[in-house]
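Here is the structure we will look at.
The values are calculated or read from the model by the stated rules, or taken from the named source; none is laboratory data. Everything numeric here is computed off the predicted structure, so don't read it as measured data. Virtual Cβ from ideal backbone geometry, glycine too; neighbours counted across all protein chains shown.
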Amino acid sequence: MDVVICTAVVQDAWREALAEHLPEARIHIGADAPPSDYAVVWKPPAEFFARQPRLKALFSLGAGVDSLLAIPTLPRDVPLVRMEDAGMADQMVEYALYVALREFRRMPEYEAAQAAGRWAPRHARTRGGFTVGVLGLGVLGGEVARALSAFGFDVAGWSRAPKTIDGVHTEHGEAGLDAVLARSRVLLCFLPRTPHTERILDAARLARLPAGAAVVNLARGELIDDAALLEALDRGHVARAYLDVFAQEPLPADHRYWHHPGVHITPHVAALTDVAIASAQVADKIRRFEAGEAVGGIVDPGRGY
Ligand code: NAP
Ligand code: GLV
């Protein structure tokens, strides 16, 4: 069996880890590799697929497959399999808890008070009275919603189809989104980028958030209308935005986000695929394909995720 790995970074680490979990495979790396049975990729060049005419399945090294689905040469008849967790859910939980706690405990207000030399204590509040909204209740958003709820926050989650998660108030569909937005003091976004979710956080939806809310985007930059978010930040309706992902990455040097006092930027590091866990996951799924067994994480191209 031949497996090709094509990713811009740490190809050798992927080769070593995959060889350990799949010793029976011949593993190749790079866009010029010979025709293989399985490909493991992250942002391959468009010409990669012309050299891979006999793929049985294609694995994305990320959870999001929007950039792969946008490649015109992507073979539509080959199953596309995405990463499921692969070490990322724990990292998303850490990021989400950090922001929720920072906002809940009013740290930005105390930092501003310190800068002004002001001693300004505020009353205490309860976690159960502080709502954190979670858009997208899949592998990552679902785990984050459960963790926030276990920590005692009031959690409101939103997905495409109805969903039940213990301790989480769930909504779905257009009306459900409005209800979640209206109560979210912190709004976390874990939606995939699809034609239905692009710019889902536009001016009208941002206006539905409570005044002073924080918006957190750990999914894809295209989910937010940047001009609308900047306008909402400028007038203080959105107090802060924590942004890990951007429509253009790296974020252009002249983008207003860089220097806006309400914006906190991380460079698309909210959750990184763990090479060891991901390789074990890919190896297991390749064996399942070979055995004709069911495989999790197959993307539905019609849904776009
Ligand atoms: P997932 O398991 O596929 O979950 C996606 C969730 O979004 C599901 O709950 C789905 O609803 C919901 N959804 C999709 N379209 C919707 C729509 N039109 N309306 C309402 N809900 C919708 O994906 P995941 O593994 O959690 O990953 C989520 C995203 O995180 C990825 O697509 C990727 O872009 C991003 N990501 C970012 C980083 C980073 O470092 N910043 C790392 C990893 C992933 P249903 O449950 O009803 O299907
Ligand atoms: C990273 O952004 C991913 O989709 O895994």
**Q.** Criterion violated by Glu111 - all others in (1) acidic (Asp, Glu); (2) touching a residue at least 12 places away in the same chain (Cβ under 8 Å); (3) not in a loop (DSSP other than H, G, I, E, B) satisfied
**A.** (2)
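Which is within 16 Å of ligand 1 (Cβ to nearest atom), assigned to a helix (DSSP H, G or I) and not charged (D, E, K, R), of Met92, Met83? I'd like the intermediate steps shown before the answer.
On the way: Met83 fails: assigned to a helix (DSSP H, G or I).
Within the list Met92, Met83, the selection yields Met92.
May I ask you to list the residues in the range 172-221 that are within 16 Å of ligand 2 (Cβ to nearest atom) and in contact with a strand residue (DSSP E or B) (Cβ under 6 Å, 6 or more places away or on another chain)? Give the steps one after another, and end with the answer.
Restricting attention to the range 172-221, the residues satisfying the condition of being within 16 Å of ligand 2 (Cβ to nearest atom) are 188-194, 197-198, 216-221.
Leu188, Cys189, Leu191, Val216, Asn217, Ala219 - these are the residues of the range 172-221 that are within 16 Å of ligand 2 (Cβ to nearest atom) and in contact with a strand residue (DSSP E or B) (Cβ under 6 Å, 6 or more places away or on another chain).
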Q: Within the range 65-87, count every residue that is in contact (Cβ under 8 Å) with a residue 60 or more places away in the chain and under 17 Å from Gly302 (Cβ atoms).
A: 8
Q) So, of the residues in the range 3-29 that are assigned to a loop (DSSP other than H, G, I, E, B) and over 26 Å from the mean Cα position of the chain (by Cα), which turns out to be nearest to Leu74 (Cα to Cα)? A) Ala25
Q. Pick from the range 248-264 the residues that are hydrophobic (A, V, I, L, M, F, W, C) and surrounded by 17 or more Cβ atoms within 10 Å (Cβ to Cβ): which of them is nearest to ligand 2 (Cβ to nearest atom)?
A. Leu251
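Only one of Val282, Val245 is in the same structural domain as Pro75 (by TED's automatic domain parsing), within 16 Å of ligand 2 (Cβ to nearest atom), of a type outside the set (Lys, Arg) and outside any strand (DSSP E or B). Can you tell me which? Working first, answer last.
On the way: Val245 fails: in the same structural domain as Pro75 (by TED's automatic domain parsing).
The match here is Val282.
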Q | Arg102, sole failed condition from (1) touching a Pro at 6+ places or on another chain (Cβ under 8 Å); (2) without any contact (Cβ under 8 Å) to a residue 12 or more places away in the chain; (3) over 27 Å from Arg199 (Cα atoms) | A | (3)
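Between Met92, Met83, which is farther than 18 Å from Ala8 by Cα and either among the charged types (D, E, K, R) or within 15 Å of ligand 2 (Cβ to nearest atom) (or both)? Let's see the steps before the verdict.
Values: Met83 fails: farther than 18 Å from Ala8 by Cα.
Answer to the selection: Met92.
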